[in-house]
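J.: Before we start, here is the structure in question, set down as structure tokens.
The values are calculated or read from the model by the stated rules, or taken from the named source; none is laboratory data. Everything numeric in this text was worked out from a predicted model, so none of it was measured. A quick note on method: Cβ atoms are made from the backbone with ideal geometry, for glycine too, and the neighbour counts reach across all protein chains shown. For accessibility, only protein heavy atoms count, side chains too; no ligands or nucleic acids. Shrake-Rupley method; radii C 1.70, N 1.55, O 1.52, S 1.80 Å.
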Amino acid sequence: MATQRHYYQPSTYSTNLPSKTPVSTSFYPISRVPGSPPEYSDASTTAGSRSSGGLTFSSAGRSVDYDSSSASYSGVDVVDILSERMQTAFDPTPLDKGLVKQAQTSGHLNAKQRELLELQALAQRRLKGVRASFAEGVKTARETKRDLEWTQKRVSTLKSKAEKAHPDEYRRATKKYTYDEY
């Protein structure tokens, strides 16, 4: 059983497009792959091979050998560079200050809300007390009015009896002690 393998053969034509604005090389990412980039020979063959271990790739006469155990790093870490650039590009201080201000405002708002609830409960207790006092005052005023009406009726009855029983003394007493009627 024959297996058919297809290998990618890169184009021999190079396509370099100039950019609109010149860009500094410091903006290009640097990978963590050890060693320098692959070098290609000009020999062309149609055979391709692949092996594992040292990661040797061979295609169309171009052979590249990447050894993952190699310690020849270029000394540049992409993650560190990107992290450093992000730290210099993005200043979290205003965001932190905003979060602090938001937390403080939220705390003040919660404190005021609790204070309002306490004051509302106090006002309701006072209102309940005032309503009870008012109801008792109304009851007392009705009793007093009833007592005054009874007293006025009793005085009027005594006055009419005194006037009928002693008319002369009543006239002299009314001249001496004259009071305006209400």
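J.: Cut-off under 20 Å on the C-alpha distance; same-chain residues fewer than 8 positions from residue 101 excluded. Which lysines are left, in chain and number order?
T.: 112
J.: In a shell of Cβ-Cβ distance under 13 Å around residue 137, excluding residue 137 itself, what net charge do Lys and Arg (+1) and Asp and Glu (-1) give?
T.: Numbers: positive: 131, 139, 142, 145; negative: 136, 143.
After counting each charged neighbour, the total is +2.
J.: Related question: Could you tell me what fraction of 2.2 N^0.38 Å the Cα radius of gyration of segment 83-153 comes to, as a two-decimal ratio?
T.: Compactness ratio reported: 2.74.
J.: Then there is this: Determine which lysines satisfy two conditions relative to residue 175: a Cα distance under 23 Å, and not lying fewer than 8 residues away in the same chain.
T.: 153, 159, 161, 164
J.: Turning to a different aspect of this structure: Rolling a 1.4 angstrom probe over the protein heavy atoms, how many square angstrom per residue are accessible across segment 83-153? Present the calculation step by step, with values, prior to reporting the outcome.
T.: On the way: 6810 Å² over 71 residues.
It amounts to 96 Å² per residue over segment 83-153.
J.: Next up: From largest accessible area down, sort 85, 171, 142; use a 1.4 Å probe on the protein chains.
T.: Working: 85 85, 171 130, 142 160 Å².
Highest to lowest solvent-accessible surface, that is 142, 171, 85.
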